[in-house]
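We did not get these values from a lab; they are worked out from the coordinates using the rules stated. Because the structure is predicted, anything quoted here is derived from the model rather than measured. In this analysis, Cβ positions are derived from the backbone assuming ideal geometry, glycine residues included, and neighbour counts consider all displayed protein chains.
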Amino acid sequence: MGFVRSCARWYNAKDFYPNIGILIIILTVAIYSNDIRYWQRNDRIIAGDILHYYAYLPATFIYHDLELKFVSQNPSDYLTKFWPFRSPIKKNTIMTTMGMSVLYAPAFLTTRAIMWVIGDESDGFSPPYNLGLVIGSIIYLMISLVLLKKVLLRYFSPVATTISLIMVALGTNLGHYSTHEPTMSHLYGFFLFSVFLYLVVRWHENPTLKYSIFIGLVSGMIALVRPSNILIGFIFVFWNISGIVTLKQKVLLFSKNYAYLLVIILFAVLIWVPQMLYWKHIAGSYLFYSYGEESKFFFNNPQIFNNLFSYRKGWLVYTPIMITAFLGMIILWKKKPGLVVPMVIFSVVNIYVISSWWSWWYGGGFGLRAYVESYAIYSLGFAAFVQWIVGLRYYFIKIPLYIIIALFIALNLFQTRQYYFGSIHFVGMTKEAYWHQFLKLKPYGEYYYLLTIPDMQKARQGIYVFEPTPRND
């Protein structure tokens, strides 16, 4: 009888349904990752931009040389795995910051320990390392969803929380960056945003030294992984502010806990100390701008409309379920305006900054990848929208709305598969190409001739020209 009562309590617990939702998501991601088996390929898991992010790990633990001198010993081999540039003091330098390597480290070190035990002296780029990173990314996704569940259950019902988590993970391009490109920075940014949101909620419930230290560390990591993502700080600053009264309360809260704010800043800076020491050694300065033209912004010419609605990569074109999150924010205003104000401020500034980057389509990938991290914040909007549907009295209204959500999720899953087959081009989509391939799994007919490719040199000057792909006939 004791076992039966324990099972009954577990079944009736408020997080039972969210846990089932998380299990469905993780199984879906794991099964699909196993189906495509990208870890068996040399051009997927540790390739492209990931070579920059990952370089600190093999350089430190395998070659024991952060100056990458070994690259010149066999450039025909090593230059396919390391892409250094020369610093002002003529040393080989890794272009990106080390944030992603820190997040890859548990998977990398675990794989390296296993390889050492079995006697395999691989170079850190073999399939076992790929597989380790894939498994690691799934674990990060699971932790993210568990933390978001804890946040959402504070404000919403278990049903709304469950559906919201599924919408976030399977209704957006987060699903793509959990399977097809799991080592890109976006899933890891989503993880850090989820941790940050959880800590913000806990800190405002009970400001303590522990939460202050964690917020500082996570904030520093967010900036170390992707500097522009430090805009998430608006969520902390404006949390629970909805008017003059709550603004005064927030000022009082900060003034009473100013020491904790200093702790947050201190630990955010401490996270950067290894990076600054590396820059000092490799470039001669504690602060070094290593991105060059790749980090150029045109703040006087933001491509906001294209960023949101273009068929090339428009956020709301390829992730239309976001419409429900924005509607949810409007609904949430009536009951929890203190949650909406920081979301609105963050959204406005984030969209402006993202739209101002010279490559407003953000290179290759499915959908507008620069927004993936922010889905942790928008989970509140998704949950508010679903909670509103749950509370509706008439099924002839509720059922169509649930069907719309299901269709948005199905469309995202189908388009993710389209991208796999090349039916959605990584950078060249046009209105004509989109509708030519709509609901068609694989490319056919005139599709490739309907694409246009951006002139990258002109784009770096803020001039956007797109040339049609050449015809062979």
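Below are the figures for this structure:
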{"read-out": "The chain, helix-only ellipticity at 222 nm - DSSP H runs n ≥ 4, -39,500 (n - 2.57), divided by all residues, nearest 500", "value": "-19000 deg cm²/dmol"}
{"read-out": "Ranked I345, I166, criterion: other C-beta atoms within 10 Å, fewest first", "value": "I345, I166"}
{"read-out": "Using θ = phi - 60° and Karplus 6.51 cos²θ - 1.76 cosθ + 1.60, couplings along segment 126-140 (whole Hz; Gly, Pro as x)", "value": "7, x, x, 5, 4, 4, x, 5, 5, 4, x, 5, 5, 5, 4"}
{"read-out": "Ranking of M329, M100, M115 by count of other Cβ atoms within 10 Å, fewest first", "value": "M115, M329, M100"}
{"read-out": "Size of charge dipole - the chain - debye, nearest 20, with Cβ of Lys, Arg +1 and Asp, Glu -1, no other charges", "value": "1540"}
{"read-out": "Whole-angstrom Cα spans of segment 428-473 along principal axes, big to small", "value": "36, 25, 13"}
{"read-out": "Dipole of the chain [Lys/Arg +1, Asp/Glu -1 at C-beta], most positive-end residue of W357, L308, G381", "value": "G381"}
{"read-out": "Least to most buried among F305, F396, F196 (fewest other Cβ within 10 Å first)", "value": "F396, F305, F196"}
